Structures are given as structure tokens and as C-alpha cells.
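Here the structure comes first, spelled out in C-alpha cells, and everything after it is commentary.
Every number in this text was worked out from the coordinates using simple rules, so none of it is lab data. Everything numeric here is computed off the predicted structure, so don't read it as measured data. Note: ideal-geometry Cβ built from the backbone for every residue, glycine included; neighbour counts use all protein chains shown.
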Amino acid sequence: MALDIGSHLGPYEIVSPLGEGGMGVVWKATDTRLDRAVAIKVIPTHLSGDSTLRERFEREARTISQLNHPHICTLHDIGRHHDVDFIVMEHLDGEALADRLKNGSLPLDQALRCGIEIAAALHEAHRAGVVHRDLKPGNIMLTRRGVKLLDFGLAKLVRGPTPALAEDTPTESVMDNPMTERGTIVGTLQYMSPEQLEGREIDARTDIFAFGCVLYEMVAGKRAFPGSSQAAVISSIMTAEPPSVSEVNPDAPPLLDHLIGRCLAKAPDDRWHSALDLAGQLEWIVQSGSQASGPVSTAPPGNELRDRPPKTDYRIEYFQSPDGASIAAARGGSGKPLFIVPVMVDSIETRFSAYAEAFSDREVIVYDRRGTGLSERGPDFKDAELYLQDAQAVVEGFQLDGFDVLGTLMGTIEAASVAGRSGKRVSRLVLRLPLMGLDDWASIPSVSAALAAMEEDWVFFTESISQMVVGWGNPGGPAIAERFRTVTSREELRSMFDAFVDLDLAAVYPEIQATTLVEHHPGYFFPDTYSSRIASLIADCRMVIFSGEANRFLTDFSIAREFLE
């Protein structure tokens, strides 16, 4: 059946052509039942007998039907009329990102906002076990309501509870301009990851590589991996590093170099592992503005991502923990040293600038907890004692003396330990919502009641915990929240916390010789009697109440700053 303006596919009346690609022809149409504009994708007539293409076409419909997200194009219907297969999607008023990029780069704030929305859409797809495999500017629409991710025609549904490695290798390429060719790999060449080009197994990190290419192009106004031939493009992807985006666009903050560079790592294991992490990192860059900065690295040789040229006014060094894990620590600024222990969701890349700004008259030292950021998890991670040894390794590695220490929530465990073990080398100590240990923490009435409520309404409990973590206001919060949502039992939650707080600090606090401030906030689980009991164990200590909103607690250091002056 040949289609033309005025033709009908069931209740849909064809209005005008919208475009054509390897996967099908797209028409604007009217749903005569609802009197609304829709977009209809049909298999071209000359390919209607291709069983492989039809199978992929049907797969696209099944894939999209699983996804419900404001930044993913909505699937309305699927049908077959007089041997014509078609799917019906929402009609979008806007401009393809590919067309917009013909005019050069996007304004930085728009590029970052688009990046956040694309990453959020990818996260929704990955959470459903779907890998797009053909993310590119031509599959992204810019609309008045934000971006829309299109065309899951090459998406592979990866079965299982997480986006694990795909089961089979790609079978066919569908590449649009400037290099369109049917072959043995799936995707669009300039945005393909090394593992796609080699026909290896793929997972969500393949999309993250393509995301890095797209974000680079939005900010730099040119492709990350250009080339005059397919061979040149492939060689560039496999062996070359693009110029840092801040070199091409001086408005780009250095932290964006690191974010994109990690997306474009050749090895999947060196990339960001979650699109949700990417969205959080980009949110942080937006909030930090042009001051967002990335690391100067002295990483061990062999890590191309960490060996990039210096970009900032702080320096990262690596120290060996007792079990051999490499712990990344940053040091910058001038003045009396302030050793800051990260909370569970901190990382150097996201938080160093904020700490340096909050304590601008200090030399700030921050490190990444093992298994997060730039630090390794270690070959034989067994218990929380290693966290204490990691912190001490950084202190001794930098040869700190006459310094102050600050820790918040989970970070108070290492902060108290460092102060207790360092004696008079630590002058002042700030403990913000300190912990005693897991068993003691679980005995708090509000926490105990929440734990008991798990068995009555597990889904409600885990969602509540997730929302609380997101409310901390840290860009890493959503990733931790997503981890909470996967917890299926009280025992699993307990084991999850074991690595952070399964320690008894009752004997540690009396050993602290530094003048100490315990900062309490009543908006969390902890009653003031809990914080005051910890304060009573420290010889020279006072407690104050933070009266601001709970979601500001982790980023408002005004009380701590006054105490440390």
C-alpha cells in the first residue's frame, strides 16, 4: 500500500512526511478519533518483505512501550493496515539536535540542561533493561518542554534485573548521514563505543560513551571523533583522545573535561557506570557555575583518564591503604590544614570546590572513600575498619600536623578515629550528626520503629529512605537512593550499612584531645539526646543545634566555619 497525503492507516490520516531513515519512514498524521497530531513510523514499501527489518521494527515498539518518562518519546499505538506495519508516537514540535548543531555549539547552560535530561532518560531506559545503542543528535529532539529521546529501533532489550551484558552480538548497522552503510555493527559510527566497533558484548556503559560524544558536541560545537572516512573515524575512536572540551570552548568548566573524559574512556570499566550518576554530576556543575573544577592528578601510570594535563588549583595524590587499595586525596588552598572526611555520597570531583569555597582561608584536604570516585575498592575489602585505616593513610601520606578535622554523618566515624589516633596533632574537630556505631544507632527509637516498619510495608520504607537520601542535596544522592530501592530484606539493608558504620566508637571518643564541636540537626533520625551523649564522652566539647532546613545541612558550614576560625 503506497502512502500519500490524505491516506489512512486505520483511524490515522496522513498529513505530511516528517523524515526517512534506515528504520522507516515517519509521517505526521491526525488521530481522527481524538483529533490530535501524532507521528507514525512505517516500514518502507520496498523493505516490507524484509523479515529482519520487520522484527526490529516490532522490537522498537515493544521497547518503547516499556518506557514512561518525560524525556522519552511516548508510544501511543501499534498496528498493521493492508500489509503496512506502523507504530504511532507522540508528535513533537521542535528541532532535532543534529539540525541545531549545524549552527555551532549550544549555550553552555542549555547544553548542561539538555545533558541532564538525556541522562535521566537513559537512566529510565537502563533501569528497564534497555540499551539504546544508537544515541546521537539525530535521535534527540529539542522541544519547549525539554529534550526527547527518540528511535529505539536499534535498542537491545537486556534481560535480567540490571542492564547486564547483552546476550548476543550486533547483527546489522543502520547509519544515517554522513556515512550510511549496512554492515555488521549496530549504531551510528561517530558515536559508537570501542566495544561496539569490535562487535563485543554491550551494556549501559555503551550508551554512556555515546552520551559523552553527544555532550562533547553540544558544548564544543564539533564531533569528538571526526574523520574524512570510516577508517579514520574508527581509528580515532579506538586510539585517540579528543581535545578537552574546555580547550575548544573556554566557557566550559574544567570539571566538565573530567566528566566527558570518563564517559569516553576506551574501556567500559573506566566509564561512569550509571546515567543517574551523570545526571547528578551535571546538576552539580550547573549549581557550581563556572567555578566547577576538576582534578590535577598524580595517578599511577597506565590510567589515561587520570593522567590528563593539570586543569585546577588543587592536586590529587594516591596513597596505598593496608590492603593495597589506591585511595585518591585532593589538597588545595592555603592556610591551616583542614582534613575533611566525606559522607557516603561525596566525591572529590563533585565536592572539592564547594569545600574550598566554604573554607576559603584554609588548605583543604579531601579524599574519596574506597569504592567511590577515583579510589579503588581494594582487593580484599572485609570490614569497616579499613575505612579508618584509609583515612589515616591519607593523613600520614600528607604528613599532616597541627590540623583540624571535619566529618558529617558517616564521615564522623573516620573523623573521630583520626582525631583519637592523632592526639594533639589535631587542634579542632567538628562532628556533624556523629555516629556511635550501627547497633547503637539502631537502638534510637525513631530508627528502631522504622526498622520494624520494614516488615509491614517494605516498599514504602525503602522508598522513604531513598527520598531522604536524595533530600541530602548531594549529587551522589540519587545513585545511593537507587541502591536502596534494590534492597529486598532487612538483612540486606543491615549488611549494606555494615561497611559504613558497623563499629563501636564508645572507646574512641574519650581518646579525643582536640577541642570539639558536635553539630546536631533535629530533622534527621537522631534525637538531641543521642548527639549530646556523644558530646559528653569528649573531654573538651560543646554541642550546637543547626536550625536551618534539613536539606541544607550537608552544604551549610556556617556554624563549623565560625567554630574553626
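Taking a quarter of the surface of the Cα convex hull of region 8-90, what do you get in nm²?
Dividing the Cα hull surface by four gives the mean projection, 5.4 nm².
Which order, highest average first, do 420-430, 508-518 follow once you tally other Cβ atoms within 10 Å for each residue and take the mean per peptide? Working shown, then result.
Working: 420-430: 19.4, 508-518: 21.0.
Listed from highest to lowest mean packing, they are 508-518, 420-430.
Does region 213-256 classify as rounded, prolate or oblate by the C-alpha gyration tensor (a ≥ b ≥ c root eigenvalues; a/c under 1.5 gives rounded; else a/b over b/c gives prolate, otherwise oblate)?
It is prolate, given that a/c is not under 1.5 and a/b is the larger ratio.
Mind checking the full-extension length gain between R80 and S16? Use 0.36 nm per residue of separation minus the Cα-Cα distance, one decimal, nm.
Gain on stretching R80 to S16: 21.1 nm.
Among Y191, Y367, what is the fewest-to-most ranking by other Cβ atoms within 10 Å? Walk me through the intermediate numbers first.
On the way: Y191 28, Y367 32.
By the 10 Å Cβ count, ascending: Y191, Y367.
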